[in-house]
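Notes to accompany the following structure.
Each value in this text was obtained by applying a stated rule to the coordinates, not by laboratory testing. Here the structure is a predicted model, which means the values were calculated and not measured. Neighbour counts run over all protein chains shown; Cβ positions are idealised from the backbone, glycine included.
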Amino acid sequence: MNENDQRLEQLAARARNATAPPPAEAPLGFATRAIASSRAMTDTSALWTRFSLAALPVATVATAACLWWSAGAMSADVHDLAQVFIQTPLFP
């Protein structure tokens, strides 16, 4: 028998004898705390505040990436854009 075939047979035998891992469970009291906190939060503005503060770093990174990506295209047009702003009269 080939050495690879022997290894494959050993692997299959070990797989047949393996036991399934226990199901992953939430930590003790997690469900109770989650339900209690959702019931205690009658004002949804706190939830929106939490989401917006969590999204702020993502938006900052996305904005910085867009500016970095478009910096090469903008560098040629900056001079032209500055000239347009200089020549445009500003009315109060």
Sort ILE35, ILE86 by Cβ crowding within 10 Å, fewest neighbours at the top.
ILE86, ILE35
Cα-based helix-to-principal-axis angle, 30-40 vs the chain, degrees rounded to 10:
40
Tell me the label only: which of (i) 16; (ii) 39; (iii) 72 is percent of Cα pairs over 23 Å apart as calculated from this structure?
(iii)
Specify the angular offset, from 0 to 90 degrees and rounded to the nearest 10, of the alpha carbon long axis of helix 45-87 from the longest principal axis of the alpha carbons in the chain.
40
On a 0 to 90 degree scale, rounded to 10, what angle separates helix 3-17 from the longest Cα axis of the chain?
90
